[in-house]
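For reference, the structure is listed below as structure tokens.
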Amino acid sequence: MAIDLEDARKRMVVEQLEKRGIRDARVLEVMGAVARHRFLPAELHDHAYDDGPLPIGDSQTISQPYMVALMSEVAELEGHEKVLEVGTGSGYQTAVLSHLAREVHSVESIEHLHDRARVILTSIGIRNVVLHYGDGSEGLPEHAPYEVIMVTAAMPGIPMPLLHQLTPKGRLVAPIGEDELQTLVRISRRTGQWNEEYFGECRFVKMIGKHGFKE
Ligand code: SAH
């Protein structure tokens, strides 16, 4: 018998998020509301609320629920922001962001992942997201500036072109480091100068592109 997905989602919020220290009430509420299984093929539905990343094709992954929640919390969204996400992937993090911010632009460089995310996000009724196809490692200057830029693929270094697309109080949240292991970093200049904060180790698939890793 198939597992009760709503039940599994509630347990995910308590056991994987609250117990590990996610405190932002809006993040917890949205993680409990967005149907993660809708972003996965039917054969993976029973695993949608497991504590890890899952394959979405093309060697890409949907991030672990905890990582989606942590990045969302670190972004400190209040609801009025314009957000840029680089690496749409399945569209799951995009959906979470769409409930936490006013407007989300998300860029994906693999065309059929971009197309599939559009179908899913439309089918679940999300309207404040604009999906873009292309290399997002340079950001998306035509819609800048953004209060938050969230990168969901590993970057080899601090992406200066992205930092220049932030509002004065904006922040960038990104996994930065080697191709096998990165650190989750938040970069902001709320104090007038660039300030870096670290939120632990993480493993993301590589960003491929001008300011990413070589293919
Ligand atoms: N946020 C996603 C995780 C995506 S995995 C989710 O919740 O499902 C990282 C994604 O970044 C992959 O889909 C990959 O194709 C994409 N990517 C890699 N390099 C990129 C680039 N230069 N521009 C845009 N997207 C890129």
Selection over the range 142-162 where residues are of a type in the set (Gly, Ala, Ser) and either surrounded by 24 or more Cβ atoms within 10 Å (Cβ to Cβ) or near the ligand (Cβ under 9 Å from one of its atoms) (or both) yields a count of 2
Looking at Thr167, is it in contact (Cβ under 8 Å) with a residue 12 or more places away in the chain, touching a Phe, Trp or Tyr at 6+ places or on another chain (Cβ under 9 Å), outside any helix (DSSP H, G or I) and open to solvent by 30 Å² or more (accessible area, probe 1.4 Å)?
no
The condition of being surrounded by fewer than 19 Cβ atoms within 10 Å (Cβ to Cβ) and at positive phi holds, among Gly134, Gly139, only for Gly134
Checked the range 69-110 for anything within 6 Å of the ligand (Cβ to nearest atom) and closer than 16 Å to Leu17 by Cβ; matches are Tyr92, Gln93
Residue count, the range 109-131, condition crowded, with 18+ Cβ neighbours inside 10 Å, within 19 Å of Pro145 (Cα to Cα) and free of Cβ contacts under 8 Å to residues at least 40 places away in the same chain, comes to 1
When every residue in the range 173-202 that is in contact (Cβ under 8 Å) with a residue 24 or more places away in the chain and within 15 Å of the ligand (Cβ to nearest atom) is compared, the one farthest from Leu54 (Cα to Cα) is Val173
So, first residue among the acidic types (Asp, Glu) in the range 22-51, second residue open to solvent by less than 30 Å² (accessible area, probe 1.4 Å), Cβ within less than 6 Å, six or more apart or across chains; the pairs are Asp51/Gln16
Among the residues of the range 85-135, the number that are under 19 Å from Val27 (Cα atoms) and among the aromatic types (Phe, Trp, Tyr) is 1
Counting only residues in the range 181-204 that are open to solvent by less than 40 Å² (accessible area, probe 1.4 Å) and either touching a Leu at 6+ places or on another chain (Cβ under 9 Å) or not in a strand (DSSP E or B) (or both), the one farthest from Arg20 (Cα to Cα) is identified as Ser188
Flag if Asp58 is free of Cβ contacts under 8 Å to residues at least 60 places away in the same chain, out of contact with any strand residue (DSSP E or B) (no Cβ under 8 Å at 6 or more places or on another chain) and within 8 Å of the ligand (Cβ to nearest atom)
yes
Residues in the range 33-75 that are closer than 22 Å to Ile187 by Cα, among the hydroxyl-bearing types (Ser, Thr, Tyr) and either more than 13 Å from the chain's Cα centre (by Cα) or open to solvent by 10 Å² or more (accessible area, probe 1.4 Å) (or both) total 2
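The values are calculated or read from the model by the stated rules, or taken from the named source; none is laboratory data. This is a predicted model, so every value here is computed, not measured. As a convention, Cβ positions derive from the backbone with ideal geometry for all residues, glycine included, and neighbour counts pool all protein chains shown. All accessible areas refer to the heavy atoms of the entire protein, side chains included, with ligands and DNA or RNA removed. Shrake-Rupley method; radii C 1.70, N 1.55, O 1.52, S 1.80 Å.
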